[in-house]
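Okay, so here's the structure we're looking at.
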Amino acid sequence: MKPGEVKKLDHPTDLNGEQLIKNLAGGNLGDVMVVGGGVSGIQASLDLAAVGFKVYLVDRAPAIGGHMAQLDKTFPTNDCSM
Amino acid sequence: MEGETGNFKVKLRKKPRYVREDKCTGCNTCTEYCPVQYPDEFNQDISNNKAIHIYYSQAIPLITYIDENCLYLKEEKCRICEAVCQNEAIDFNQTEEIMEISVGAVILAPGYEEFDPKIRADFGAGRYDNVITSMDYERLTDSTGPYEGQILRPSDLKPPQKVAWIQCVGSRQVNPPGANSYCSSVCCTYTQKQVILTKEHDPETECTVFHNDIRSFGKDFERFFQRAEELPDVRFIRSYVSVTGKDPETENVIIKYTTPEEGVKEEEFDLVILSVGLNPPPDVEGLAKKFGLELNDHGFCKTNPVNPMETSRPGFYVSGAFQGPLEIPETVVTASGAGSQCGELLSYRKGDLSVERVYPPEKDVSLEEPRIGVFVCHCGANIGRVVNVPSTVDYALTLPNVVYAQEQLFSCATNSAEEITEMIKEKDLNRVIVAACSPRTLEMLFRDTLREAGLNQYYYEMANIREHCSWVHPRQKDEANQKAKDIIRMAVARTHHLEPLMEIKLPVDKKALVVGGGVAGMTCALSIAEQGHQVYLVERETELGGTARQVYETLEGLNVQAFLSDLIKKVYRHPLIHVYTGAEITGTAGYIGNFTTKIQSTRGNTEVKHGATVIATGADVYTPTEYLYGEDDRVMTHLELEEKIATEDEMIAGAETIVMIQCVGCRNEDRNYCSRICCNESVKNALQLKEKNPERDVYILFRDMRTYGYNEDYYREAAGKGVVFIRYEPEQEPQLEPAEEEGRPVIKVTLPDYVLQKNIELDADVIALAAAVIPSAGTREVENLFKVGLNPDGFFKEAHVKLRPLEFSAEGVYLCGIAHYPKMISETISQAYGAAGRVLALLSNDIITASGAICEVDKNKCVTCGACIDACAYGAIEFEETDEAGLKAAVNPVLCKGDGLCNAVCPTGAIQLKHFTDEELLSQIDAVVPEEEVAETKETAV
């Protein structure tokens, strides 16, 4: 395949029973999807995982951190933002 | 995106990174060789980056990606990165993947986008080089920024000596279109932060902030503003401004502004920073359409006014700035709150998809001769470019009992960590040292590699050759290399004395205690109970409701009393909530997961056991001693006015002139904070007074109008409806005097008008004082009972102002509502859900683990002086009766946090901190300074 070409993954319902179960247990079944990996999305994901939920954290950027990662320090303590 | 609550199907498009995540170690070699340079978006396009690079220096994952500027992706040329990567991590065959996932609920946290001042060419943005945005400046001051923390202005890359900030860029503006009517809430304080940082960089820099109201409405913000304002050569000037041009030679920017003393002025600045506001996230409409959500008038997510995390679609929750401009702690609060609501929804399937970690059984190696393994990390180039890593590996092998040593590119990479586990087994190691970075972030990970190999995790030691060496001595390579060896030698010396320690496993009592039955306490209790946990809700008064009982309507028009009675009903009806009213807590003991509390209430005396405690004890309203309050019944507080408006009191109905005075009892020496809610409360009352009778005169005498966020719209509405806002300074407070005006008894209010530059007089029928919100009367009691801290203003102090706003440093104790700081009802509700989320993160565990690195008393050496008991901040040490020696100090291992303060004060050395014993620490000191050297130094000294 060439760069940019879209590879489609099989839809779970296309699979036979056995594969479906495997897919659900290990694969793409989750409890919560969190859209956005800034400080808020990260905290929500951490809390949910601590409670015992499986979380998909989705971000548009190649790394999580969001705007807070771009900040130098934070008020009113001037702690390092990272 | 399709489906419904509990079962959404989501299609995700995963973009190719063209770099294999399992193979890339983030060594950055590819980035060095990549020939394509283009502006780095992360650094606000100020500096360049390469087409293959790591997103930012501390990114997670810390691996490279290739973006659309790549020559190969554009023109099928180059592929140098592929050739230089030793790990074969580059993979141009990667394609976009469509993934389909099923989830029960969705949390939306897409954040915000900074306002782009170039759109309207505001204040010379895009026209003058030396006009930049506050986010640009944020990158400039950052040590990982474009000039490694040097502040250089764009036109000539020289440090600016005279810097100006212009506030409210893109905020609080309705004309011309393109900007936002709301207040972005964060800009005043981030500007003050930037001023302080600028002065720290170079104390000579002159800083000027042009603003219209300083909105220091958050916890500790007022003091922060004072800290910025009191710095030398810092000016805060209240004035609208325009950027009128630049000096063609120096490229300095000219700002025109007005002061009451000097009139219109023009002044030149080296650098102008636009304090830009917060816009909805990029492509917000597409996002809303995709997920079937409604947006509000400002383009942010439309949320339920009594539940700011609830969207228009069931199963979808908002976290963070997607609900509107928020500062960091509030986004963290809403994150935990949204999490708690997902928990309520999906409680039935909790834990079904989680997998328990299983470790191999631990080997007993305590009697074996130490067999030490040393792993030295390059940390990409972070250590490797300064320290000669191979030479440190050779050196380590010469040290006593070191049987194995190797280098690693990134010890923290998953495959490297697995390699450590494998080598422990293969070389039969029983002590492990990783020479890399600070233990603060990664010690947990490396301890885990030992557990995976069946070793006690306390046999692990970290040698910090990055923060303590390569980062601080980048230009003295030889000395740094020697220092790295010294640090490794110290680690080896200490490792000889390490002992295996057991961690303590504690059962968790699954019930919660909520102290305070106001909106915060009740909301929190309900959310916890909805997730299957019993809650004891304790209220001092005989009725539930708290401060909200005095509030009738919110600015958004919510009927508070109806909401409150509904909430109270829900609480009483919930089978898992046990309500105690007229209650007093007479004692509490225990620790995280296991508390016991005694309650005296209308139901008699009870003792309850609980795993978590929530403090939601609310606040009080200041009783004014100024402005004739209590002497003249025409003078009342803002809450009393609200009640009289709601109950259609005759005096209010007939009043022709109403004067409101802001900041009564706070923002002064006694209470150096802003009560946050009062500007909004007065605007609300003013709007209602005008609605009932548009002909009457309403005046609001203020110092700074702090109608932050969307509330700015109501401020504008009030001004539009003829409410008159007059600013006063604390040095010249309004003077009140009962008088008679044309036969009408009035209270005469006199104050200077800074715009008209003369005194004005108002004849008021009613005076409403915006009285401060003050810590509740029971605060000290709660502080002592639960061993929690207070801030300088007497409000409860959270564990971390930004990242842990919902809990105390005392573990297992959480915080919400106005006991934390004054706030709106909607903000209280956010925090209540947030605290519930944090409580659930604890109560969902069957057991919790306490560290093994704690203090222990040698009873034979203890002289019962009690010095350790005074030193311990956690109340972990008490005297205990022993059989043979009488009263001796004893450490409660669960409460001990291992800070070692008691060690330092013990006169006989009876207390030792395990894992940091005198023997372990002294061995390190002996290793760094050999005895011969000490002897020599002594001789020289003689």
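Counted as qualifying within the range B:55-155 are the helices (runs of 4 or more DSSP H) with 2 or more residues that are facing chain A (nearest Cβ under 7 Å) and at pLDDT 90 or above, namely B:134-141. In this structure, B:Ile166 does satisfy being buried (at least 23 other Cβ atoms within 10 Å of the Cβ), outside any helix (DSSP H, G or I), away from chain A (no Cβ under 14 Å) and in contact with a helix residue (DSSP H, G or I) (Cβ under 7 Å, 6 or more places away or on another chain). Exactly one residue out of B:Tyr33, B:Tyr38, B:Tyr18 is buried (at least 21 other Cβ atoms within 10 Å of the Cβ) and either facing chain A (nearest Cβ under 9 Å) or within 30 Å of B:Ser155 (Cα to Cα) (or both): that is B:Tyr18. Residues that are small (Gly, Ala, Ser) and in contact with a strand residue (DSSP E or B) (Cβ under 6 Å, 6 or more places away or on another chain) within the range B:619-669 comprise B:Ala619, B:Ala655, B:Gly665, listed in sequence order.
Tell me, yes or no, whether the range B:548-567 has at least one residue that is assigned to a strand (DSSP E or B) and in contact with an Asp or Glu (Cβ under 7 Å, 6 or more places away or on another chain). So that I can check it myself, show each step before the final result.
Applying the first criterion (assigned to a strand (DSSP E or B)) to the range B:548-567 yields B:553, B:559.
Next, only the ones that are in contact with an Asp or Glu (Cβ under 7 Å, 6 or more places away or on another chain) stay: B:559.
The answer is yes, given that some residue of the range B:548-567 is assigned to a strand (DSSP E or B) and in contact with an Asp or Glu (Cβ under 7 Å, 6 or more places away or on another chain).
Considered as a group, the residues in the range A:27-61 that are under 25 Å from B:Leu840 (Cα atoms), among the small types (Gly, Ala, Ser) and more than 7 Å from chain B (Cβ to nearest Cβ) include one that is surrounded by the fewest Cβ atoms within 10 Å (Cβ to Cβ), and that residue is A:Ala49. Any residue that is more than 30 Å from B:Glu222 (Cα to Cα) and surrounded by fewer than 16 Cβ atoms within 10 Å (Cβ to Cβ) - is there at least one of those in the range B:825-840? No, the range B:825-840 contains no residue that is more than 30 Å from B:Glu222 (Cα to Cα) and surrounded by fewer than 16 Cβ atoms within 10 Å (Cβ to Cβ). Looking at the range B:589-661, the strands (runs of 3 or more DSSP E) lying wholly inside it that each contain 1 or more residues that are among the polar types (S, T, N, Q) sit at B:594-601, B:604-610, B:612-615, B:635-637.
For the range B:392-399, check the following and say yes or no: at least one residue is more than 30 Å from B:Asn307 (Cα to Cα), modelled with pLDDT under 95 and of a type in the set (A, V, I, L, M). Can you show your working first?
Kept after step one, since they are more than 30 Å from B:Asn307 (Cα to Cα), are these residues of the range B:392-399: B:392-399.
Narrowing further to those that are modelled with pLDDT under 95: none.
No, the range B:392-399 contains no residue that is more than 30 Å from B:Asn307 (Cα to Cα), modelled with pLDDT under 95 and of a type in the set (A, V, I, L, M).
Looking only at the range B:711-729, decide whether some residue is touching a residue at least 60 places away in the same chain (Cβ under 8 Å) and loosely packed, with under 14 Cβ neighbours inside 10 Å. The answer is no, given that none of the residues of the range B:711-729 is touching a residue at least 60 places away in the same chain (Cβ under 8 Å) and loosely packed, with under 14 Cβ neighbours inside 10 Å.
A residue that is without any contact (Cβ under 8 Å) to a residue 60 or more places away in the chain, away from chain A (no Cβ under 14 Å), surrounded by 15 or more Cβ atoms within 10 Å (Cβ to Cβ) and under 30 Å from B:Asn296 (Cβ atoms) can be found somewhere in the range B:169-179. The criterion of at least 2 residues that are without any contact (Cβ under 8 Å) to a residue 60 or more places away in the chain and under 17 Å from B:Ile372 (Cα atoms) is met, among strands (runs of 3 or more DSSP E) falling completely within the range B:384-470, by B:402-408, B:460-464. B:Glu503 - would you say it is out of contact with any helix residue (DSSP H, G or I) (no Cβ under 6 Å at 6 or more places or on another chain), outside the structural domain of B:Thr414 (by TED's automatic domain parsing) and crowded, with 24+ Cβ neighbours inside 10 Å? So B:Glu503 does not fit the description; no. When only residues in the range B:179-237 that are among the small types (Gly, Ala, Ser) and in a loop (DSSP other than H, G, I, E, B) count, which is nearest to the chain's Cα centre (by Cα)? Filtering the range B:179-237 for residues that are among the small types (Gly, Ala, Ser) and in a loop (DSSP other than H, G, I, E, B), the one nearest to the chain's Cα centre (by Cα) comes out as B:Gly218.
Conditions tested, residue by residue: (1) surrounded by fewer than 23 Cβ atoms within 10 Å (Cβ to Cβ); (2) over 30 Å from B:Ile504 (Cα atoms); (3) in contact with a Pro (Cβ under 8 Å, 6 or more places away or on another chain).
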site: B:Leu397; (1), (2), (3): yes, yes, no
site: B:Tyr404; (1), (2), (3): yes, yes, no
site: B:Leu409; (1), (2), (3): yes, yes, no
site: B:Cys412; (1), (2), (3): yes, no, no
site: B:Glu418; (1), (2), (3): yes, no, no
site: B:Thr421; (1), (2), (3): yes, no, no
site: B:Leu429; (1), (2), (3): no, no, no
site: B:Asp448; (1), (2), (3): yes, no, no
site: B:Gln457; (1), (2), (3): yes, no, no
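Residues of the range B:871-887 that are surrounded by fewer than 20 Cβ atoms within 10 Å (Cβ to Cβ) and in contact (Cβ under 8 Å) with a residue 24 or more places away in the chain: B:Ala871, B:Ala873, B:Tyr874, B:Gly875, B:Ala885. Scanning the range B:282-290 turns up no residue that is touching a Cys at 6+ places or on another chain (Cβ under 7 Å), touching a residue at least 24 places away in the same chain (Cβ under 8 Å) and in a helix (DSSP H, G or I).
Applying the condition of being more than 20 Å from the chain's Cα centre (by Cα) and in a loop (DSSP other than H, G, I, E, B) to the range A:62-81 and asking which residue is farthest from the other protein chains (Cβ to nearest Cβ) yields A:Ser81.
Taking the condition closer than 30 Å to B:Arg447 by Cβ and surrounded by fewer than 17 Cβ atoms within 10 Å (Cβ to Cβ), does B:Val928 pass? Against the criterion (closer than 30 Å to B:Arg447 by Cβ and surrounded by fewer than 17 Cβ atoms within 10 Å (Cβ to Cβ)), B:Val928 qualifies.
Quick one: count up the residues across the range B:313-359 that are at the interface with another protein chain (Cβ under 9 Å from one of its Cβ atoms), over 16 Å from A:Leu48 (Cα atoms) and either in contact with a Phe, Trp or Tyr (Cβ under 7 Å, 6 or more places away or on another chain) or assigned to a loop (DSSP other than H, G, I, E, B) (or both). Of the residues in that region, 4 qualify.
Report yes if B:Ile372 is of a type outside the set (D, E, K, R) and touching a Lys or Arg at 6+ places or on another chain (Cβ under 6 Å), otherwise no. In short, yes. I'd like to know if the range B:534-543 contains one or more residues that are surrounded by fewer than 18 Cβ atoms within 10 Å (Cβ to Cβ) and in contact with a Cys (Cβ under 8 Å, 6 or more places away or on another chain). So far as the range B:534-543 goes, no, none of its residues is surrounded by fewer than 18 Cβ atoms within 10 Å (Cβ to Cβ) and in contact with a Cys (Cβ under 8 Å, 6 or more places away or on another chain).
Quick grid of which residues meet (1) surrounded by fewer than 18 Cβ atoms within 10 Å (Cβ to Cβ); (2) within 25 Å of B:Cys183 (Cα to Cα); (3) at pLDDT below 95; (4) in the same structural domain as B:Ser275 (by TED's automatic domain parsing):
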| residue | (1), (2), (3), (4) |
| --- | --- |
| B:Arg215 | no, yes, no, yes |
| B:Arg223 | yes, yes, no, yes |
| B:Arg227 | yes, yes, no, yes |
| B:Asp233 | yes, no, no, yes |
| B:Tyr240 | yes, yes, yes, yes |
| B:Ile254 | yes, no, no, yes |
| B:Thr259 | yes, yes, yes, yes |
| B:Glu262 | yes, no, yes, yes |
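Report yes if B:Asn43 is within 30 Å of B:Val318 (Cα to Cα) and either basic (Lys, Arg) or more than 8 Å from chain A (Cβ to nearest Cβ) (or both), otherwise no. Give the derivation first.
Numbers: within 30 Å of B:Val318 (Cα to Cα): yes; either basic (Lys, Arg) or more than 8 Å from chain A (Cβ to nearest Cβ) (or both): yes.
Spelling it out, B:Asn43 is indeed within 30 Å of B:Val318 (Cα to Cα) and either basic (Lys, Arg) or more than 8 Å from chain A (Cβ to nearest Cβ) (or both).
Determine if the range B:366-374 includes at least one residue that is within 13 Å of chain A (Cβ to nearest Cβ) and touching a Leu at 6+ places or on another chain (Cβ under 7 Å). No, that holds for no residue.
Scanning the range B:220-254 for residues that are among the charged types (D, E, K, R) and touching an Asp or Glu at 6+ places or on another chain (Cβ under 7 Å), which turns out farthest from the other protein chains (Cβ to nearest Cβ)? If we take residues in the range B:220-254 being among the charged types (D, E, K, R) and touching an Asp or Glu at 6+ places or on another chain (Cβ under 7 Å), then B:Asp247 is farthest from the other protein chains (Cβ to nearest Cβ).
The values are calculated or read from the model by the stated rules, or taken from the named source; none is laboratory data. Every value quoted in this text rests on a predicted model; they were computed, and no experiment measured them. For neighbour counting, all protein chains shown are included, and Cβ atoms are generated from backbone atoms with ideal geometry for every residue, glycine included.
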